[in-house]
Amino acid sequence: MKPKLVIFDLDGTLLDTIDDLKEAVNHAMSLRGFPTFTRDEVMAMVGHGARNLMRKALPLGHKDDDMVDAAYDDFRAYYITHIDIHTKPFPGIQDLLAKLHQEGVMLAVASNKFQEGTEHLIKEFFPEIPFVAVLGGRPDFPLKPDPEIVGEVLRKADIEREDAVMIGDSDTDMETAANGGIMGIAVNWGYRDMRDIINWGIGPSTLRQAQGSGTEHQIVVETTEELQQLLLP
C-alpha cells in the first residue's frame, strides 16, 4: 500500500497535546470554582472539539449553552497563549512525515481542534512539511465524524478516494474515514486504546466497519515504524 495522500488527525496522532489542554480546561473550571481534572480525565473527554470538551467538563446543572460558550471563550483565550508549553510530537512522527514527503506522498491534517490552534501547532512543529491542507474546526463546518472534511481535503489534493488513507487515534477518526469512503489506519499510541474496539485476528487487527462504509477494513498499528512499513512497503 503506497497511498497518494495521507490525512492525519492531530491530537493523539501527530502531537501529544493533553497536558496543555488539561491546563486550559482547568483554568476555565477554576475561574468558576468548579472541580478540575487530571490528565487521564481530560484524555477521556477530548476528540469532539473544544466546545464539546467544555460541555463535558462542566458540572451537571451548569451545561446550558450560555455557560458552555463562556467557558469555551475562557478556555480558548488561555489555550492559544499556552498551546505549546508541554505539547510535543509523538516519537518517530517527524521522521515519518519527512520520509512520506520524500517519497512523494501528499500529506494533510484533519482535526476537530479549532482552526487557529491547528494551524499554529502545525507551523510550529512541522514547518518543513508542505501539507496540501491543514483543516480544523471552523464555524458552521461539521466536525468529524462527518465526512465533509475528507471531501474537502480530497478536492484540495485532487485525489480520488481509493488513493487516500486517514490516520487517527480514535473511533471518531475511523468513522470519519469510513463515512468518507477512504481507508482508515488507527494508531495505538494516542488517547484511546484501540484494542478495546477491534476484532482480533491473525496479523493486523481490523476495526468494525462503520455502517454504510465502502472500505473493507481498518488497520491498527502500534508504532510509527509499523505505520511507515505499511504506507511505504
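Values quoted throughout were computed directly from the atomic coordinates according to the rules given, and no laboratory measurement underlies them. Worth saying up front: this structure is predicted, and the values here are computed from it rather than measured. Virtual Cβ from ideal backbone geometry, glycine too; neighbours counted across all protein chains shown.
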In this structure, the FRET efficiency calculated for Glu116 and Met1 from their beta-carbon separation, with R0 = 41 Å, to the nearest 0.05, is 0.75
Calculate the tail of P(r) for the range 18-81: the fraction of all Cα-Cα distances greater than 20 Å, expressed in %. 11
Just to be sure I understand, if you calculate mean projected area of the Cα convex hull in nm² for this structure, which of (i) 18.8; (ii) 12.5; (iii) 11.7 do you get? (ii)
Fluctuation leader among Ser170, Ser111, Ser30 - the chain, Gaussian network, Cα springs under 10 angstrom: Ser30
Given a cut-off of 24 Å, name the pairs among Lys2/Lys156; Lys22/Lys156; Lys88/Lys156 whose C-alpha atoms lie farther apart than that in the structure shown. Lys22/Lys156; Lys88/Lys156
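By the gyration tensor of its Cα atoms, with a ≥ b ≥ c the square roots of the eigenvalues, what is the shape of the range 1-121: rounded for a/c under 1.5, prolate for a/b over b/c, or oblate?
Values: a/c = 2.70, a/b = 2.33, b/c = 1.16.
Here the range 1-121 falls in the prolate category.
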Inter-label distance, nm, simple model (7 Å from Cα along the C-beta direction), Glu225/Thr36: 3.9
Leu232 and Asp158 label points (each 7 Å along its Cα→Cβ direction) are spaced in nm at 2.5
Looking only at the range 11-29, which residues have a backbone nitrogen under 12 Å from a spot 7 Å from the Cα of His62 in the C-beta direction? 26-29
Need the full-extension length gain, Asp193 to Asp69, defined as separation in residues times 0.36 nm minus the C-alpha distance. One decimal, nm. 41.6 nm
Counting only residues 5 or more apart in sequence or on a different chain, those whose built amide H sits under 5 Å from that of Leu107 are Val6, Val132
How high is the FRET efficiency from Arg138 to Gln102, r the C-beta distance, R0 45 Å, rounded to 0.05? 0.90
